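Beneath this line is the structure, given in structure tokens, with notes to follow.
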Amino acid sequence: MANDSQSRTARRNQMKSSKKGKSTSKFKRIFMTLLTIGVVLMLGVGALFAYYVATAPSLDESKLSDPFSSKVYDKNGDLFADLAGDERRTKITYNDIPSVLEDAVLATEDVRFYNHIGIDFRRIGGAVLANITGGFGAEGASTITQQVVKESFLTKDKTIKRKVQEQYLAIKLDQEYSKEKILEMYLNKIYYGAGAYGVAEGAETYFGKKDLSELTLPEAALLAGLPQRPSGYMPFENPDLAKDRMNTVLSLMVQHGKITEAEAEEARQVKIEDMLIERQPEKEAPFQAFLDEVEREIKEKMDGSDIYKDGLKIYTTLDPKAQEQVQQLLSNEGPTPVAG
């Protein structure tokens, strides 16, 4: 009996050992499978990112300060509008930028501009969290350097490819140009609404000032806030929204130690209307009504693309002769039809 009991005990132990061995072996197989899948995915993502970097556009210096011209063609394939050719633009250098304007812009757009390498890892971390909770594209982390790159070379599509190329080119731009030169590019490039490209035109358009050193604190704050939504915050049309945006910029300047709360409060007392000059009529491109419709369709079909800045080649159904006759009739300059 003792021998039978020992034999049964031995068999049970052997079975337990066999099951444990099988379980361990199964776990190892699962672990190795998951590890293999992880390595393959990492290599795949790495290869994809490498492809994005390899296919990124080069840093063309000629495009770094000006918007990339969009060209519009008629039904015959002939160019009838170069939408960057008629822009009002006055270029400035870094030495033309007063400290009050620089402080307002950096506090609003990129407070660690002089300390990062073209991309700001702290902002990227915050954007990643926001995108996880709100979906991809919920919040951006673009530095001033990235905005220069995006406005110069890339589309506005919210894709991983565009973000990878944007960050790569921003690091490259930061390596090849000084911070002062990059800030100069940004302020010469950005659209300020009312047909004004670049901060010099913005200052003259809204305040009648050709010398940026004459800008006051509220004027600098207003200009610094406009690029986020030039049409929405345009002070000529939306003074209340422009005022709110200006106050936000002033609060950011206080938060980042650029001005005191007392200085901000004094600036908040200035009325938007008291800062502005009379609005000047914008120069219209040929067939402006037709271009307005083109702009609307492009925004709808291309995720908000801007025909005035995105370097598009747009082929249309425009018949120049027929369009001229229509415009003459609408303006009462053409012949009056006679009823038969």
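Key figures
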quantity: Among the candidates Gly340, Gly304, Gly311, residue that is open to solvent by 60 Å² or more (accessible area, probe 1.4 Å), of a type in the set (Gly, Ala, Ser) and modelled with pLDDT under 75; calculated: Gly340
quantity: From the options Tyr177, Tyr197, residue that is open to solvent by less than 40 Å² (accessible area, probe 1.4 Å), within 26 Å of Tyr114 (Cβ to Cβ) and of a type in the set (Phe, Trp, Tyr); calculated: Tyr197
quantity: Scope the range 228-257; condition in contact with an Asp or Glu (Cβ under 8 Å, 6 or more places away or on another chain) and either touching a residue at least 60 places away in the same chain (Cβ under 8 Å) or acidic (Asp, Glu) (or both); matching residues; calculated: Met253
quantity: Neighbours by Cβ (under 7 Å, 6+ apart or cross-chain): first from the range 135-153, closer than 18 Å to Ala224 by Cα and at pLDDT 90 or above; second polar (S, T, N, Q) and open to solvent by 10 Å² or more (accessible area, probe 1.4 Å); calculated: Gln146/Gln167
quantity: Selected residue (only one of Ser231, Ser213 is of a type in the set (Ser, Thr, Tyr) and in a loop (DSSP other than H, G, I, E, B)); calculated: Ser231
quantity: Of all residues making up the range 62-89, the number that are modelled with pLDDT of 75 or more and either touching a Cys at 6+ places or on another chain (Cβ under 8 Å) or closer than 14 Å to Asn188 by Cβ (or both); calculated: 1
quantity: Checklist (1) in a helix (DSSP H, G or I); (2) under 18 Å from Val199 (Cβ atoms); (3) among the hydrophobic types (A, V, I, L, M, F, W, C) applied to Leu241, failing item; calculated: (2)
quantity: Filter result for Lys158 (among the charged types (D, E, K, R), part of a loop (DSSP other than H, G, I, E, B) and within 20 Å of the chain's Cα centre (by Cα)); calculated: yes
quantity: Test: residue in the range 104-125 that is touching a Phe, Trp or Tyr at 6+ places or on another chain (Cβ under 6 Å), assigned to a helix (DSSP H, G or I) and modelled with pLDDT of 95 or more; calculated: yes
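The values are calculated or read from the model by the stated rules, or taken from the named source; none is laboratory data. Just so it is clear, the structure is predicted and the values come from calculations on it, not from any experiment. Here the Cβ is made from the backbone with ideal geometry for all residues, glycine too, and neighbour counts use every protein chain on show. With ligands, DNA and RNA removed, areas are computed over all heavy atoms of the protein, side chains included. Shrake-Rupley method; radii C 1.70, N 1.55, O 1.52, S 1.80 Å.
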